[in-house]
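Report on the structure given below.
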Amino acid sequence: MKALLPMGLSVLCVGITGCGTGCGAAASSPDEPSPASVPVRSVADADFPPVGNRLELSDAEWRRRLTAAQYDVLREQGTERAFTGRFHDHHEQGVYVCAACGAPLFRSEDKFDSGTGWPSYTRPIEDGRVASERDVTLGMVRTEVHCARCDGHLGHVFDDGPPPTGLRYCINSASLDFVTVRTP
Ligand SMILES: [Zn+2]
C-alpha cells in the first residue's frame, strides 16, 4: 500500500528536545549541534524532493554538509550506540526525512517501540524512498537499507517486526531529521 503525504499541508521542522548527551554515533562529536540549537524551519510538503530525484555529491561536499556523527552513519555505514540517538524514544506525529538530502523516509504512524534503542518502523513512507542491499559484514547476513535519493546508509531491515508487514526497519537516529505536518 502506498503511503502518500497529505496534500496542501505545510510542514514545520522543529528542534528536537529531550535528547541527552551522547547523540548519534560519534557520541562526543564536538560539531554535533545541541538539540536546542536546531533552528525551526517551515517548508511546504510539495518541497519534498520527488521519488526518482537523485542527489549525488562528492565526498568532500558530504563532509562539509554533515556533522561527524551523521557522516559516520550515512557515508561510512556506521552504527550509533543503542539508546543514544534522538529518535528511539520520540513519539511526535510527523515525517522522518533523510538527514543528508531531506527526502521523506518514514512516517510516525509506522514507528513502533522495538526496545532495541534504535528508531524502528514497519515500512517506508512510500515505494521508491528506501532501497536495500545484502550486507555480509561483521559475520552476519543482513539487509542494509539506504536512502534511495542520496544512497545515505540508514540501518538494516529484519523480518521480526510487528503487523502489518512483519518487518522491522532498524534505523540510526543520526541518519534522520524530523518534520511535523501542520494543517493550515
Ligand atoms: Zn538521502
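Read-outs: derived from the displayed coordinates by stated rules, not from any lab. All of these numbers come straight from a predicted model, not from anything done at the bench. Here Cβ is always computed from backbone atoms with ideal geometry, including for glycine, and neighbour counts include all displayed protein chains.
Residues 87, 158, 178, arranged from fewest to most other Cβ atoms within 10 angstrom of their Cβ, appear as 158, 178, 87.
Projecting the Cα atoms of 146, 97, 175 onto the dipole axis of the range 72-184, where Lys and Arg carry +1 and Asp and Glu carry -1 at the beta carbon, places 97 farthest toward the positive end.
Net charge dipole, the range 63-165: roughly 460 debye, given to the nearest 20, about the Cα centre with Cβ charges of +1 for Lys and Arg and -1 for Asp and Glu. In sequence order, the range 61-66 has phi-based couplings of 5, 4, 4, 6, 7, 9 Hz under the Karplus curve 6.51 cos²θ - 1.76 cosθ + 1.60, θ = phi - 60°, and Gly or Pro positions carry x. A Förster radius of 25 Å combined with the Cβ-Cβ distance from residue 127 to residue 92 puts the calculated FRET efficiency at roughly 0.50. Of 88, 69, 51, which is farthest towards the positive pole of the range 41-112's charge dipole, taken about the Cα centre with +1 and -1 on the beta-carbons of Lys, Arg and Asp, Glu respectively? The residue sitting farthest along the positive end of the dipole is 69.
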